[in-house]
Structures are given as C-alpha cells and as structure tokens.
Amino acid sequence: HKRDLQKRFRKPPLKDTRYLGIDEICVGHGHQYLTLVLDLDSGVILFVGKGKKAAALTPFWRRLRASRAKIQAVAMDLSAAYRSAVEKHLPDAAIVFDRFHLIKLYNEKLTQLRRELYRQATDDLHKKVLKGTRWLLLKNHENLDPVKGEPARLKEALKLNESLATAYYLKDDLKQLWEQGYKFPARMKLYDWHHQAQASGVRVLQDFARTLLKHAHGILAWYDHHISTEPLEGTNNKIKTKNQ
C-alpha cells in the first residue's frame, strides 16, 4: 500500500497549478515543523518540506520550475521567510496574506492586552472581572451564550476598561476589510482602521496597526485573488492526528 501511494502521490503534476497555499505545521514533540504547499484549486498537497524556513521549499521550486506552471497567486501568513522565497522564485505571482492568520494575530494582541490590564489592576473587582474574560473577548458577539451570562460579563469587563473596549470593537471593524465591494473602499477602510488604532493610545493596537500597514499590499491583494490558506487547516489537522 505504501509503495502504491508513493508512486501515485509522491510527486503530483504541477503543470496546471494556478494558486498555491503555503503554511507551516508543528508535528510530534519538541516543536518539529513541516512546510506544506497546497494546490488551492484541486486541494492536492503538492509538497511537504522539513522545517519552516525558506530552505524548506528549495526542492519544490526546482520541480515547479521544471513544470513551467503559471502561478498567479500564493496565499500565506505573514512569514518573512515564505514571503522572500516566493518573491525570489515567483516574481510575477501575487502574494495574498491570509485573513484568518491576521485575525488570529489580532486575537493574540487582544489576549496580551487583557493580561497587561490584569497585572495593572489595583483592586480585586477589576481583577475578578478580567480574570474570566479571555474566551469571551475572542468569541464573535453573536456567539456569546446568554444562558451562561456571557454577554453581561463581557459588557461589565468592557465598561471597566476603556482600552479593552476599544480593542474589542476594533476587532469587529477589522473584519470589514474583507467585506467591501472592491479594493479601493477596502484600502480606505484599512487606512481608517490604522488611524483609529494609532489614535487609541493603546500600544498593542498601535503595534498591530503598523504591521497591518506594512503588509497592506498583500492584504488587499485578496480583492484580486480570492484565496486563503483556510483549505490547509483541515489537512493540517489530519496530519496532526496521524502524528499523535
């Protein structure tokens, strides 16, 4: 069975590939990483490389060059290593920074802010309110459970912490970047979001706003190529399950 699978799937044809998704996955123990390349049209895994640096993709570039495939765009996270590799080997392909990784990064900033506020809280009431709000902040508002009192708990936390409230409401506003009719209003939305974050005076929001502006071209490229690394998530989960 292994010989048959290797023969049929070890080197999938690349000639007709147009859109790629590149992402990393942590497997096993000790932070061992793999780099995965997916054909976003067919869902076929085209390549698996060891590590998460640019060098992990070297064998793939050789195969891709030999196939003479015309790659139009590549979806990825904000990895500088993957970005530099794609710019070098696929200079004509658009880079699309994945929206789900950006939202995940923002949620990490939101969690960081909550922790900072908890450490800075001077009374027991503030600490008590903040302590159980991590998952509430990460949930979409429509998914809060009123039976468990989640909307009320979140409202209390936001009322006591202005900077946390600003960060929470800017999270919903951030998602509007991908819900505009076309690229120009999306660009204006990005600039407006950057302005609001900088004006907030909240350091973690200002840091994220600078990251957003730095990667604006690849974020807005989604309006030219509606692709993301989301199809890779299911594949990643299957690989993790097999390696447990």
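Quick note: the coordinates plus some simple rules give every number you see, no bench work behind them. Predicted model only: the values in this text are computed from it and were never measured. Here the Cβ positions follow ideal geometry from the backbone for every residue, glycine too, while neighbour counts run over all protein chains shown.
Summary of values
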read-out: Arg65-Val147 FRET efficiency (beta carbon distance; Förster radius 51 Å; 0.05 resolution); value: 0.35
read-out: Lys159-Phe100 FRET efficiency (beta carbon distance; Förster radius 30 Å; 0.05 resolution); value: 0.50
read-out: FRET efficiency estimate (nearest 0.05) - Cβ-Cβ, Asn107 to His217, R0 25 angstrom; value: 0.60
